[in-house]
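Have a look at the structure below, then the notes.
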There are 2 protein chains.
Amino acid sequence: MSDRSGDASMMSKRQVLLALSDDEIDDFLAEPVRREMLALCPNHRRVDTAGLTPEQYADELTAYRPEIVVSAWSTPALLESRLPEILEFLRYDCHLTGTIRRFIPKAYLEAGLLVSNWGSSISDSVAECALLLILSALRRATAWALGMHLEGMWKPGNYFENYSLFGRRVGIHGFGAIARELVHLLRPFAVPISTYSPSVPDEILTEYGVDRAVHLRDLFDWSQVLVELAPLKPENRHIVDRDLLQRLEPGSVFVNVGRGACVDQQALIEMAVAGHVQIGLDVYEEEPLPVDSPLRGLRNVTLLPHIGGPTRDRRIESGKLALANLKRYAGGKTLVAQVSRDSYDRIT
Amino acid sequence: MSDRSGDASMMSKRQVLLALSDDEIDDFLAEPVRREMLALCPNHRRVDTAGLTPEQYADELTAYRPEIVVSAWSTPALLESRLPEILEFLRYDCHLTGTIRRFIPKAYLEAGLLVSNWGSSISDSVAECALLLILSALRRATAWALGMHLEGMWKPGNYFENYSLFGRRVGIHGFGAIARELVHLLRPFAVPISTYSPSVPDEILTEYGVDRAVHLRDLFDWSQVLVELAPLKPENRHIVDRDLLQRLEPGSVFVNVGRGACVDQQALIEMAVAGHVQIGLDVYEEEPLPVDSPLRGLRNVTLLPHIGGPTRDRRIESGKLALANLKRYAGGKTLVAQVSRDSYDRIT
């Protein structure tokens, strides 16, 4: 209690600009987050971002001179040309989504602006999307959807390719926050899980009951369900290449809810067309997925349009993180999900 | 060990006929079940059911005179006209699937034939199908599948109807084995769960952490996700009527993986056409689903062709149950999943 009123008194002197659209206020700052945030920041003002240009946004900033901005998808980019003026007063851009590069030139970070994003507050939503794609691929849900809706289809008796997740060997490439949440969702299915993630220490894998694959090719050889969740560092571009994809045995499942560019898109298309592997995709090397992509129309491929990130009802989790970060900032503590100059390049 | 060799010696005198197709041997009696069953029943014989007529099957039976038959989908029906002959020797029909009425006339049960089926050995598979339909409905997977595969669709920005399962209120109509397995699969999503199932005692609901709805209408009023799993007793035919369906609020989800005839199909179609509720169906009042069903083509409806029951890789669970039942039979113990004259009528 005392800590909280302490934060509030620390915040009362600071000017906070909420540069958000109505939709963003509704979703990210749904109640009770909105009430708590406004109470924490009595000295706040909101600018509606609808139709706002970067120049107008810079003008709003220099007129109000906030120490903190709360921003999201609709917020115009900070103009590099206005940096000297803006950094006279702005110390912290509390961003509610994942993307930063589109909104904040790197020069602002290099000049000392604090930036945070939604961090791992959205991991459960993406992990849930991975589970949907896994189950969909195993049961051939897309083939049934197209056949039943368009061709009057019914099942051809009792013998056809259809699998359950129970007991299946699941490999996860990458073991960050989404992968860890996925392990929780997989728990009731009693699946053996292995991961390739050199940077994650043994203690973490032991804690989650997950085995380590020493080589990425071992993971692809072993997995009946392979979930792609590697971060898009430069060395991970196309790390999942033709050789790795060919290691997946017929009847297995390949799901990507991480980064499209980690996978050689041409090799993925060839595997999809060959038809031996069931595929579930939420992300693509080129987004939006081109209208003429050969992936469209293939019944062994479940397609989603990059919707893994938080559904509207889950965006409040990012709002909660922002609220906690504003309190940390006021108390002089280190931010959670702070975007460093290093991580800036990795966040797409 | 002694118990097992005891069962085996009890079984060595008994003649067992495996009346199964090659596919059924492969799936239901996959290793290690097959090896164990054949070791338990040294005095066995197999008849391949491919192309076998009921008359030929009766002839096979009267020629070999087994005390026990292991049967499945491909096994011809027992002829009522041959009952006096057949029941001279046959004591137990160990059936590997759910359906009994199509295979065994009720007169056989009334004359004392023991019959068992797959019981709840397949519940996890159906519960998994329910989870797939729930997640699919919440994320509008069928609308994306049809739009992305056929119309070059991509998402229309960041604001569209899409929900997560986390924290959503889940109602389950019926609380048998499948519902209980579904509760396990829902656990990581931290959803409040309520059920309407008058025959299930409070202790069971407490054990599963599930609340009781006193009236079925209360369950439909409360639920954001409603899963239909009521048994098809005569009084449950069309128990889910227009009034109940209209209680589901816009944006909610209705899933049926139980029995199609528990739902008034016409009222369901009206709700589907109205489009305010997301629907996931694996079962229908009329199966196969008619080619001209108005459900086909609706993007808010995910359709599966009654595939909830065990995928091929899970049929071994029914084989394990059969093996355990053969041991129980040999030891003079009560069978698991025994079909009584009462339950005979309920199993569709």
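The values are calculated or read from the model by the stated rules, or taken from the named source; none is laboratory data. The shown structure was predicted, so the numbers you read here are calculated from the model rather than taken from an experiment. For neighbour counting, all protein chains shown are included, and Cβ atoms are generated from backbone atoms with ideal geometry for every residue, glycine included. Calculation scope for accessible area: heavy atoms of the full protein, side chains included, ligands and nucleic acids excluded. Shrake-Rupley method; radii C 1.70, N 1.55, O 1.52, S 1.80 Å.
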Kindly indicate whether A:Asp59 is at pLDDT 95 or above, among the charged types (D, E, K, R) and open to solvent by less than 30 Å² (accessible area, probe 1.4 Å).
no
Based on this model, can you work out whether B:Arg4 counts as open to solvent by 40 Å² or more (accessible area, probe 1.4 Å) and modelled with pLDDT under 95?
yes
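Being under 20 Å from the mean Cα position of the chain (by Cα) and more than 13 Å from every other protein chain (Cβ to nearest Cβ) is the filter here; which residues of the range B:266-286 pass it?
Of the residues in the range B:266-286, the ones under 20 Å from the mean Cα position of the chain (by Cα) are B:279-286.
Listed by number, the list holds a single entry, B:Glu285.
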Do we find a residue being in a strand (DSSP E or B) and within 13 Å of chain B (Cβ to nearest Cβ) anywhere in the range A:323-342?
no
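Given the structure, is A:Leu289 at negative phi, touching a helix residue (DSSP H, G or I) at 6+ places or on another chain (Cβ under 9 Å) and either of a type outside the set (Lys, Arg) or within 14 Å of chain B (Cβ to nearest Cβ) (or both)?
Numbers: at negative phi: yes; touching a helix residue (DSSP H, G or I) at 6+ places or on another chain (Cβ under 9 Å): yes; either of a type outside the set (Lys, Arg) or within 14 Å of chain B (Cβ to nearest Cβ) (or both): yes.
Here the answer is yes, as A:Leu289 does meet what is asked.
Which members of the range B:313-330 meet the condition of being open to solvent by 40 Å² or more (accessible area, probe 1.4 Å) and either within 23 Å of A:Phe160 (Cα to Cα) or touching a residue at least 40 places away in the same chain (Cβ under 8 Å) (or both)?
Here is the first cut: in the range B:313-330, the residues open to solvent by 40 Å² or more (accessible area, probe 1.4 Å) are B:313, B:317, B:320, B:327-328.
Selection gives B:Asp313, B:Glu317, B:Lys320, B:Lys327.
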Which ones in the range A:148-187 are farther than 30 Å from B:Pro290 by Cα and over 27 Å from the mean Cα position of the chain (by Cα)?
A:Gly167
So, of the residues in the range A:300-309 that are at the interface with chain B (Cβ under 8 Å from one of its Cβ atoms) and part of a loop (DSSP other than H, G, I, E, B), which turns out to be surrounded by the fewest Cβ atoms within 10 Å (Cβ to Cβ)?
A:His306
Sole exception among (1) touching a residue at least 40 places away in the same chain (Cβ under 8 Å); (2) within 14 Å of chain A (Cβ to nearest Cβ); (3) open to solvent by 10 Å² or more (accessible area, probe 1.4 Å) for B:Arg65, by number
(2)
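Test A:Ser125 against the stated conditions and say whether it is in contact (Cβ under 8 Å) with a residue 40 or more places away in the chain, of a type in the set (S, T, N, Q), in contact with a Pro (Cβ under 7 Å, 6 or more places away or on another chain) and within 12 Å of chain B (Cβ to nearest Cβ). I'd like the intermediate steps shown before the answer.
Working: in contact (Cβ under 8 Å) with a residue 40 or more places away in the chain: yes; of a type in the set (S, T, N, Q): yes; in contact with a Pro (Cβ under 7 Å, 6 or more places away or on another chain): yes; within 12 Å of chain B (Cβ to nearest Cβ): yes.
So A:Ser125 passes the test.
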State all residues of the range B:188-239 that are within 22 Å of the chain's Cα centre (by Cα) and either surrounded by fewer than 13 Cβ atoms within 10 Å (Cβ to Cβ) or touching a residue at least 60 places away in the same chain (Cβ under 8 Å) (or both); if no residue qualifies, say none.
B:Pro198, B:Ser199, B:Val225, B:Val227, B:Leu229, B:Pro231, B:Leu232, B:Lys233, B:Pro234, B:Glu235
Can you run down the residue pairs with Cβ atoms below 6 Å, 6 or more apart or on separate chains, where the first is in the range B:154-182 and within 12 Å of chain A (Cβ to nearest Cβ) and the partner is among the β-branched types (Val, Ile, Thr) and part of a strand (DSSP E or B)?
B:Arg168/B:Val225
Among strands (runs of 3 or more DSSP E) completely within the range B:74-178, the ones holding 2 or more residues that are open to solvent by less than 30 Å² (accessible area, probe 1.4 Å) and among the β-branched types (Val, Ile, Thr) are B:170-173
